[in-house]
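Accompanying notes for the structure given below.
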């Protein structure tokens, strides 16, 4: 019996955060050695000054785990960077503070862990360079299971449609397209105005945006539907952290729509790629890697 799922898709990460961003990147753990069918044990925050449990050592994730919302990360990072730049412009003496800010990893407001007594840690504690970001990308296509051999194959493209060498984290389109409905001069007057907001991840391994992997999974449940799967991307942000670009296109005969496109690019490195069951949080396999 074969369980095929193949093709490409547009991905949109679910909003919300089921796990705080205070998980450490360099905890002593060996994910490849951990049993993939082990009992569930989600990571949790430790007391200030102690090493936080690492997402890399998690044996499973919480049910319906949504990860970090790319839009929240983008907006918080843009706001923090903007405030520092404004301060540097009005007071050149704080230029060194801006350089210091940009040299460390960023943690958005609202995602800082609380200590056991409920007190918020200091800014310095929340800005340690051991932060990890966890993005969950639905994988409706590209997963295949060969039941006789118990062999699971993963071939999922995460490429952004407008920039194939970046990983698409989130894409939202607001407004209706006027294609085949109106002619260019009538587009604005009839309300065919559209905004496209895209958030993507660019790594040092540019052009590697396809997730591949093969693993023997004896306990795999072949009854899982295509909507159950997701790729979990565990990554860390690196300078320049965020690039933002906005473009505007006037209506044309080929595309009679007034379009404003915002493309936000997070810069970082990928530390782990997993295939998970979105419903119960099971980590099906960790044996995934990026290829062109």
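No lab work stands behind these numbers, since they all come straight from the coordinates. Keep in mind the model is a prediction, meaning the values are calculated, not measured. Backbone-built Cβ (ideal geometry, glycine too); neighbour counts: all protein chains shown.
From least to most packed, judged by other beta carbons within 10 angstrom and beginning with the fewest, 153, 147 follow the order 147, 153.
A simple spin-label model places pseudo-atoms 7 Å from Cα toward Cβ; at residue 64 and residue 236 they are separated by 3.3 nm.
Shown for 64, 72, 174: other C-beta atoms within 10 Å of each C-beta, ranked fewest to most, produce the order 174, 64, 72.
Taking 7 Å steps out from each Cα toward its Cβ at residue 189 and residue 226 produces label points 4.3 nm apart. Each part gets one Cα centre, and for the range 125-192 versus the range 212-250 those centres are 9 Å apart.
Rounded if a/c is under 1.5, else prolate if a/b beats b/c, else oblate: with a ≥ b ≥ c from the C-alpha gyration tensor eigenvalues square-rooted, which is the range 178-256? It is oblate, given that a/c is not under 1.5 and a/b is not larger than b/c.
In this rough spin-label picture, where each label sits 7 Å from Cα along the Cβ direction, the residue 71-residue 205 distance is 3.0 nm.
Sorting 285, 252 from the fewest to the most surrounding beta carbons within 10 angstrom yields 252, 285. The gain in end-to-end length when the residue 252 to residue 147 segment is fully stretched comes to 32.7 nm, 0.36 nm per residue minus the alpha carbon separation.
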